[in-house]
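The values are calculated or read from the model by the stated rules, or taken from the named source; none is laboratory data. Bear in mind the structure is a predicted one, so any value in this text is a computation, not a measurement. Cβ sites come from the backbone with ideal geometry, for glycine too, and all protein chains shown count toward neighbours. All accessible areas refer to the heavy atoms of the entire protein, side chains included, with ligands and DNA or RNA removed. Shrake-Rupley method; radii C 1.70, N 1.55, O 1.52, S 1.80 Å.
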Amino acid sequence: MRELLRPSRLAPGARVAVVAPSGPVPEERVQAGLDVLRGWDLDPVVAPHVLDRHGEFDYLAGTDADRAADLQAAWCDPSVDAVLCARGGYGAQRMVDLLDWDAMRAAGPKVFVGFSDITVLHQAFANRLGLVTLHGPAAAGIDFIKHARAQEHLKDTLFAPERVRTLVSAGTALVAGRARGVTLGGCLSMLASDLATPHAHEGARGGLLLIEDVGERAYRIDRMLTQLLRSGWLDGVTGIALGSWVRCGPYEEVRAVLVDRLGGLGVPVVEEFGFGHCEGASTIPFGVRAELDADAGTLTLDEPALL
């Protein structure tokens, strides 16, 4: 893992584009999210196909080609300073290979925000563009619309990232110790399903891995972690920070799986860092160097997420 290029922070008046690379979004939630962004003195614009629904598969926000075109057009628009995903869901894997990465690289760095299914794009942006991205709330997500903490943490990351260089765990160390590395990760199920695809990380060597998931039973979490272990993807990881495991069954069962599968790696592991699918989720940059202190329950970035 190498440290990636940090985009510039936003300033009042910045134009931000809202896109839907994955699942469909209700119009009222899009409008509510836009109201929050306007309240930050941003100038949000909505991509043409954000409110579309696929004619056959209602879990997709329009066709693969249209979703890819929206993201690429927003990224390549020189007037746009940041691209925010409206939601996760499913669909990024279907459109990621349709993007013109040469054109997007030529457009230069800018801020990219999303989580859940957007994990696929976080990996692609790291490997194809060499760019730091933000694992943060969806612009039309319930958490972003309803919870001030999620809003404020993302706002600070975008406008004053030096204020949010340290994340504090609400849990305990599953494996004690301190570790340094470059942050990567996202939704566990997406990391597993993206394994060995053209745009994914080849492995977590030298990285601090941040993972979470939603709606996955303990045995499925076991299966996905075992897949990453058996493939060698976790070889050389330096430390692991765990986020939320909402609707994954009793946490005691999930915790036991996490200890069983990750405890043998011999690296610090800390739970409950409050990112992912939980209420008031924190925003975390991927591609920056950081230190994980399992005993103190902190993850501290060497530098702010954005310039």
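Between D102 and D43, what is the FRET efficiency for a Förster distance of 35 Å, r being their Cβ-Cβ separation, to the nearest 0.05? List each step's numbers first, then the result.
Values: r = 28 Å, r/R0 = 0.80.
That gives a FRET efficiency of 0.80.
Within the full protein context, the accessible area of K155 is estimated at about 70 Å² for a probe radius of 1.4 Å. Distance between the pseudo-spin-label points of E303 and A176 (7 Å out from Cα toward the beta carbon): 3.4 nm. Per-peptide packing, taken as the mean over residues of other Cβ atoms within 10 Å, places 129-140, 209-220 in the sequence 129-140, 209-220 from highest down.
Express the accessible area of the chain per residue in Å², computed with a 1.4 Å probe while the remaining protein chains stay in the model. Accessible area per residue: 39 Å².
How do S193, S244 stack up against each other in accessible area, from largest to smallest, with a 1.4 angstrom probe? Write out the running numbers ahead of the final one.
Details: S193 60, S244 10 Å².
Accessible-area ranking of S193, S244, largest first: S193, S244.
Carbon-plus-sulfur accessible fraction, the chain (probe radius 1.4 Å, protein heavy atoms only): 48%.
What does DSSP give for the chain in terms of the percent of beta bridges that are antiparallel, rounded to the nearest 5?
Numbers: 17 of 45 bridges.
So the antiparallel bridges in the chain amount to around 40 percent.
Taken over the range 161-307, the convex hull of the Cα atoms encloses 100 Å³ per residue.
Mind giving me the FRET efficiency for Q31 and I142? R0 is 22 Å, r the Cβ-Cβ distance, nearest 0.05 is fine.
Values: r = 14 Å, r/R0 = 0.63.
Approximately 0.95, to the nearest 0.05.
Residues in the range 178-191 carry Karplus couplings, in order, of 10, 8, 10, x, 9, 5, 7, x, x, 7, 4, 4, 6, 4 Hz; the curve used is 6.51 cos²θ - 1.76 cosθ + 1.60 with θ = phi - 60°, and Gly or Pro positions show x.
Between R223 and R205, the distance separating the two model label sites (each 7 Å from Cα on the Cα→Cβ line) works out to 2.9 nm.
Each Lys or Arg adds one and each Asp or Glu takes one away; over the other residues whose Cβ falls under 10 Å from the Cβ of G297, this sums to -4.
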